[in-house]
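Have a look at the structure below, then the notes.
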Amino acid sequence: MTLDKILAISGKPGLYVLRVQTRSGFVAESLQDGKKITVGLRSNVSLLSEISIYTNDDEKLLADVMRNIAIKENEGPAISHKEDNATMAAYFKEILPNYDQDRVYPSDIKKVLNWYNMLQAKGMVSKEVPAAAKEVATEESKEIVKEESKDEVAETVEATKEAPAKPKKAAAKKAPKAE
């Protein structure tokens, strides 16, 4: 499931797909009815791929939370966002057991469930980890290896600085030319 071009626009219901960027903003298409709208640069817009949910440890990306829902529901619809707060909180606790209950409000849970059901209705949810996320994971592991290599190089440089330097040979002087 990729949420790279899915937008939530403040003041507008539903989710939108980014279509075209313009000088003064961009054009987005509604996932619900397919209508296209222009959005100015002053509008408060959030990319779903950039949204995270607070947990007791750190933050969990929204895509990972939606993947957990897809796994639990076998890519089917989740419970309605119109359920009472206690039911939604219990459901969300099953999906993300360590979510921070002080910082994740019922309105946040309601949005996540509503967004998941919208994306599920359009066939945009999946239990699989997208290839881009797998590439990011391998890139992160490569970066770790690079960092470890840099540390080893730094240690080697430090060791050579501490080692006594060999005396340099004096440069041979050229004899002046006789004229």
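Each value in this text was obtained by applying a stated rule to the coordinates, not by laboratory testing. Here the structure is a predicted model, which is why all the values come from computation and not from measurement. Glycine also receives a Cβ, built like all others from the backbone with ideal geometry; neighbour counts cover every protein chain displayed.
Looking only at residues of segment 44-86 that are surrounded by 12 or more Cβ atoms within 10 Å (Cβ to Cβ) and of a type in the set (S, T, N, Q), we find that the one that is nearest to Gln101 (Cα to Cα) is Thr55.
With respect to (1) surrounded by fewer than 16 Cβ atoms within 10 Å (Cβ to Cβ); (2) more than 19 Å from the chain's Cα centre (by Cα), the lone exception for Lys5 is condition (2). Looking at segment 1-105, the strands (runs of 3 or more DSSP E) lying wholly inside it that each contain 1 or more residues that are free of Cβ contacts under 8 Å to residues at least 60 places away in the same chain and under 23 Å from Glu128 (Cα atoms) sit at 6-9, 16-22, 45-47, 52-54, 59-61.
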